[in-house]
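Report on the structure given below.
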Amino acid sequence: MGYLLALVRYFLYYMGRIIFCRLLPKELSYRITRLMADAHYFLARPTRRALISNLRVVWGKEKSEKEIRRMARRTFRRFSGYAVDFFYSPQMNEDNIDDWVTIKDLHYMDEALSRGKGVVALSAHLGNWELGAITLALKGYKMNAITLSHGERRATDIFRKQREAKGIKVIPLGVAIRRCFQALKNNELLAMLGDRDVEGKGIRVEFFGKEAVVPKGPATFSLETGAAIVPSFMFRKGDKYELTFEKPILPKPTGDKKKDILNLTKECLKVIERYIREHPEEWFLFHPMWPST
């Protein structure tokens with residue numbers, strides 16, 4: 001069983017995507033990866049349990065256990081489809097991007113950039129954040145993205161090359177803090193995810209009514225540089241995607257750095273919570289958000 005699970009996971013996340021997207025029609029890729037996602041759901045017990053546990057906290061008693069499990073299974077399928085779309089992204093360019101994506105409230109991003117202090121483009125493990133960054137880069141925005149290593153070097157290289165091919169400057173997580181500050185100083189975008197603390201340096205805050213540890217980077221960069229935070233989320237709607245921007249969240253320093261980071265993080269999480277509730281099957285957090293549960 002362990003060998004089979006490892007084989008399914010490797011093929012699903014890495015090699016399968018590339019083979020399908022280069023050799024097979026897109027619709028057939030969706031169908032095959034959906035079957036593989038179902039296999040992964042049943043075989044990957046720790047991953048499945050983590051996702052279901054997270055959804056229980058989000059919904060509390062509003063959803064039955066049966067509803068939550070169905071939601072979790074659909075989440076695996078949605079993730080599979082979004083991954084296929086990411087590996088088709090080489091087909092996206094400046095000339096056809098409007099055929100792929102509808103953009104809503106882009107003026108919020110322009111408004112934030114007009115301050116001349118850069119923008120923290122905040123998202124979460126929600127929707128297709130990868131294509132969201134690519135869309136902005138193809139629209140001419142100077143995009144920097146903090147990224148996480150995938151553990152397997154070849155997979156990390158694949159993701160990095162596809163991002164860079166679209167004009168995204170890749171900043172490995174925890175490696176180049178100076179590059180992050182420089183990007184904001186140059187009035188560029190710094191893309192960050194605000195829902196999962198990967199480095200173990202996060203901040204404790206209430207998230208969906210229960211204490212969790214989330215990244216403090218978005219709030220810290222904003223307070224240190226004066227950059228606005230613009231929440232940004234991308235979801236599929238029919239045959240196209242919709243990239244939506246929220247009103248800029250501005251830093252309000254009081255001199256109490258710890259308190260300021262906490263308050264700004266809380267303000268950001270309110271927006272993320274709302275979008276997760278609206279798109280629960282597209283919150284791709286396959287790790288325990290609240291380990292105590």
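The values are calculated or read from the model by the stated rules, or taken from the named source; none is laboratory data. All values derive from a computational prediction rather than experimental measurement. Reconstructed Cβ throughout: ideal geometry from the backbone, glycine too, with neighbour counts over all protein chains shown.
Here are a few things to note about the model shown:
- Sub-6 Å Cβ pairs linking a first residue in the stretch 196-210 that is within 21 Å of R274 (Cβ to Cβ) to a second residue that is polar (S, T, N, Q), at least 6 apart or interchain, are I203/T265; V205/T265, ordered by first then second residue.
- Matching residues, the stretch 156-192, being at pLDDT 95 or above and either small (G, A, S) or in contact with a Ser or Thr (Cβ under 6 Å, 6 or more places away or on another chain) (or both): A183, L184, A191
- Within the stretch 103-134, tally of residues that are more than 12 Å from the chain's Cα centre (by Cα), crowded, with 19+ Cβ neighbours inside 10 Å, closer than 21 Å to Q182 by Cβ and not small (G, A, S): 4
- Taking the stretch 250-293 as the range and being farther than 21 Å from W59 by Cα, among the hydrophobic types (A, V, I, L, M, F, W, C) and assigned to a loop (DSSP other than H, G, I, E, B) as the test, only L250 passes.
- Test: residue in the stretch 95-112 that is in a helix (DSSP H, G or I), within 25 Å of E224 (Cβ to Cβ) and out of contact with any strand residue (DSSP E or B) (no Cβ under 6 Å at 6 or more places or on another chain): yes
- Subset of the stretch 163-186 that is touching a helix residue (DSSP H, G or I) at 6+ places or on another chain (Cβ under 6 Å) and of a type outside the set (A, V, I, L, M, F, W, C) - its residue that is nearest to L223 (Cα to Cα): G167
- Answer residue from the stretch 87-102, given it is more than 22 Å from I158 (Cβ to Cβ) and polar (S, T, N, Q) and is surrounded by the fewest Cβ atoms within 10 Å (Cβ to Cβ) among those: N96
- Residue in the stretch 3-31 that is modelled with the highest pLDDT, counting only those that are surrounded by 17 or more Cβ atoms within 10 Å (Cβ to Cβ) and touching a Phe, Trp or Tyr at 6+ places or on another chain (Cβ under 8 Å): S29
- Top-ranked residue of the stretch 250-270 - restricted to ones that are touching a residue at least 60 places away in the same chain (Cβ under 8 Å) and surrounded by 18 or more Cβ atoms within 10 Å (Cβ to Cβ), ranked as nearest to T220 (Cα to Cα): T265
- Number of positions in the stretch 173-202 that are under 21 Å from G127 (Cα atoms) and not in a loop (DSSP other than H, G, I, E, B): 5
Each row is one residue, and each column tells you yes or no for (1) more than 23 Å from E211 (Cβ to Cβ); (2) part of a helix (DSSP H, G or I); (3) of a type outside the set (D, E, K, R).
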site: P46; (1), (2), (3): no, yes, yes
site: L51; (1), (2), (3): no, yes, yes
site: V58; (1), (2), (3): no, yes, yes
site: K61; (1), (2), (3): no, no, no
site: I68; (1), (2), (3): no, yes, yes
site: R78; (1), (2), (3): yes, yes, no
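- Residues in the stretch 206-249 that are farther than 22 Å from V119 by Cβ and either outside any loop (DSSP other than H, G, I, E, B) or not acidic (D, E) (or both): E206, F207, F208, G209, K210, E211, A212, V213, R236, K237, G238, K240.
- Listed by first and then second residue, the pairs linking a residue in the stretch 84-95 that is in contact (Cβ under 8 Å) with a residue 60 or more places away in the chain and under 14 Å from E27 (Cβ atoms) to a residue that is assigned to a helix (DSSP H, G or I) and among the polar types (S, T, N, Q), with Cβ atoms under 9 Å apart and 6 or more places separating them unless they lie on different chains, are V84/S29; V84/T33; Y88/S29.
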